[in-house]
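Here the structure comes first, spelled out in structure tokens, and everything after it is commentary.
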Amino acid sequence: MEPAGIKQRVVFYNGVANLFWSVLNLLPIYIYCYSSVVPLWLYVAGAISIITLFLPRSVLNKLQLGSTTAVYHKLGVHYINQVTQNGTVINNLIRRKYPHYKVVGNTRQAIQLHYRKTYMFERFHYVLLCFFICIMIYALVQEQYTWAGILLLTNILYNMYPILLQQYVRIKLEPFVSHSSIK
């Protein structure tokens with residue numbers, strides 16, 4: 001049984017991390033879209049991006065970089081995991097007051113739920129990845145190379161690494177997951 005304050009603390013710390021990364025990486029694309037992108041292009045980019053919400057798990061599994069964590073370690077994904085929601089820094093802060101806290105519970109159901117959530121988060125970041133790419137193409141066509149570079153950098157930080165992080169987490173959870181009960 002979790003103490004009453006643990007959930008609020010987890011939500012607060014993860015919310016702060018989410019707000020920080022979102023503002024840092026979404027503000028540039030917001031500014032660029034608001035100041036420079038014609039509305040029709042925004043609608044087209046949005047429509048194209050939404051399609052990625054419907055990627056089946058089989059496609060996401062084929063897009064996965066590796067079947068072990070080695071390639072993810074080479075790319076530094078484990079470092080990114082330190083400063084994200086439910087990452088090492090946040091977990092250490094929570095464990096100061098609640099030493100037995102774990103992001104993923106010990107039950108099969110908790111592990112499978114967390115495993116399924118990785119696909120949801122991966123789809124979310126694929127939607128944004130696609131949108132950022134569309135807007136970056138627009139910036140390139142408009143010969144706004146500085147903006148294209150900024151969008152590329154924020155896309156890598158806010159979308160590519162989180163996609164890789166979800167794949168990394170799945171690999172780590174894989175030995176504990178019963179695939180017959182995951183829908």
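At a glance:
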quantity	calculated
Any hit, region 118-139, residues being outside any helix (DSSP H, G or I) and over 19 Å from the mean Cα position of the chain (by Cα)	no
LYS97 basic (Lys, Arg) and more than 28 Å from PHE12 (Cβ to Cβ)	no
Residue identified as buried (at least 16 other Cβ atoms within 10 Å of the Cβ) and either assigned to a helix (DSSP H, G or I) or at positive phi (or both) among ASN61, ASN86	ASN86
Qualifying residue in region 113-136 (condition: touching a residue at least 24 places away in the same chain (Cβ under 8 Å) and over 30 Å from ALA47 (Cα atoms))	no
Answer residue from region 20-65, given it is free of Cβ contacts under 8 Å to residues at least 60 places away in the same chain and aromatic (Phe, Trp, Tyr) and is farthest from VAL141 (Cα to Cα) among those	PHE20
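Each row is one residue, and each column tells you yes or no for (1) buried (at least 16 other Cβ atoms within 10 Å of the Cβ); (2) modelled with pLDDT of 95 or more; (3) touching a strand residue (DSSP E or B) at 6+ places or on another chain (Cβ under 8 Å); (4) among the aliphatic types (A, V, I, L, M).
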| site | (1), (2), (3), (4) |
| --- | --- |
| ILE111 | yes, no, no, yes |
| THR118 | yes, yes, no, no |
| LEU128 | yes, yes, no, yes |
| PHE132 | yes, yes, no, no |
| ALA148 | yes, yes, no, yes |
| TYR158 | yes, yes, no, no |
| TYR161 | yes, yes, no, no |
| GLU174 | no, no, no, no |
| VAL177 | yes, no, no, yes |
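The values are calculated or read from the model by the stated rules, or taken from the named source; none is laboratory data. Keep in mind that what you see is a predicted model, and the values were worked out from it rather than measured. Cβ: placed from backbone, ideal geometry, glycine included. Neighbour counts: every protein chain shown.
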